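These notes are about the structure you will find just below.
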Amino acid sequence: MIVAANWKLNKSPAEARQFFKDFKAQWTQKNHKVVIFPSAFAMEACSTELKGSEISFGAQNIFSESKGAFTGENSAQVLKELGGSYVLIGHSERRALFGEKHEMLAQKVKHVQELGLTPLFCIGETLAEREAGKTHSVLVEQIKQGLKGVNPQAPLVVAYEPVWAIGTGKVATSEQVAETHTWVNEILCDYGFKGVAILYGGSVKAESAAELGRQPFVAGFLVGGASLEVNSFLGILSQAPS
Ligand code: PGA
């Protein structure tokens, strides 16, 4: 499985270095692919600490151009030079708090793929949308618009993260995950994206990882809160089915 850590706006470079020191000393099983998404200021620390290791890393956000007059943005080209290989695109916090729209997300996905990096494209419905029976149509729209013009042959990973499960401690049930991941896979196939790894995200913990990981079309996890401590992250890695 792919088990990815979304650190969000947490950890200084020194804290990131300490995490890797402790994590590398305790992570022995190595039966999953680990990807770390630090905040931008801790990226160089990740690059240095993870050089030559099996742990991959990436950015939580980039701009759709690699250089120029784009104050405050981050460059996927620089991420690549630092040795990063993934970029989170369309996380619900980017959509809700920073107003990122489908069209912008599609440009980012294409830019990242052109550089040979892998986008980890996030989708998911809000509680109101789920309760109104709109989950399927929301996911169709997010995939159709957010991946518009994207080459189906280029590397892509998708994370299904119900917004109501992110950071709330309310993990989706295995039935909800099974049904929704099956839909996501079908929708991706309808738009030409076949065999895409689909991760689940939203309050994943060691206690839920085994059960969730056994559901159809669950190829791994995107973990927020529980990825910040070495022990809880290792717990998820040890429980996730091989
Ligand atoms: P959480 O975050 O595990 O804290 O719910 C997941 C995410 O936002 O990717």
How high is the FRET efficiency between residue 97 and residue 41 when r is their beta carbon distance and R₀ equals 22 Å, given to the nearest 0.05? 0.75
Apply the Karplus parameterisation 6.51 cos²θ - 1.76 cosθ + 1.60, with θ equal to phi minus 60°, to every residue of the stretch 112-124 and state each ³J(HN,Hα) to the nearest whole Hz, in sequence, with x for glycine and proline. 4, 5, 4, 7, x, 9, 9, x, 10, 8, 9, 9, x
In sequence order, calculated HN-Hα J values of the stretch 47-56 (Karplus, 6.51, -1.76, 1.60; Hz; x Gly/Pro): 4, 5, 6, 9, 4, x, 9, 7, 8, 9
Principal axis dimensions, largest first and in whole angstrom, of the stretch 125-242 by Cα: 41, 33, 22
Which residues' amide hydrogens lie under 5 Å from the amide hydrogen of residue 125, considering only partners 5 or more residues apart or on another chain, with H built in the peptide plane? 163
Name the residue from 222, 147, 133 whose Cα lies farthest towards the positive end of the charge dipole of the stretch 98-241, charges +1 on Cβ of Lys and Arg and -1 on Cβ of Asp and Glu. 147
Can you find, among 29, 241, 109, the residue sitting farthest towards the positive end of the charge dipole of the chain, where Lys and Arg contribute +1 and Asp and Glu -1 at Cβ? 29
Hey, what's the Cα Rg ratio for the chain versus the globular rule of thumb, 2.2 N^0.38 Å? 0.95
Mind listing the phi-derived Karplus ³J(HN,Hα) values for the stretch 186-196, rounded to whole Hz, using 6.51, -1.76 and 1.60 with θ = phi - 60°, and x for any glycine or proline? 5, 5, 4, 4, 4, 9, x, 9, 9, x, 7
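Can you tell me how much longer the chain between residue 179 and residue 69 gets when fully stretched, taken as 0.36 nm per residue apart minus their C-alpha distance, in nm with one decimal?
On the way: separation 110, 0.36 × 110 = 39.60 nm, distance 4.41 nm.
Extra length from residue 179 to residue 69 when fully extended: 35.2 nm.
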Give me the net charge of residue 84's neighbourhood, meaning all other residues with Cβ under 14 Å from the Cβ of residue 84; Lys, Arg count +1, Asp, Glu -1. -1
Between residue 81 and residue 145, what is 0.36 nm times their sequence separation minus the Cα-Cα distance? Round to one decimal in nm. 20.1 nm
Per the Kirkwood treatment, what hydrodynamic radius in Å, one decimal, follows for the stretch 1-75 from the mean inverse distance over all distinct Cα pairs? 13.3 Å
Based on Cβ point charges of +1 for Lys and Arg and -1 for Asp and Glu, what charge dipole magnitude is obtained for the stretch 101-158 about its Cα centre, in debye rounded to the nearest 20? 120 debye
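Coordinate-derived values only; no laboratory data. These figures come from a predicted structure and were not determined experimentally. Note: ideal-geometry Cβ built from the backbone for every residue, glycine included; neighbour counts use all protein chains shown.
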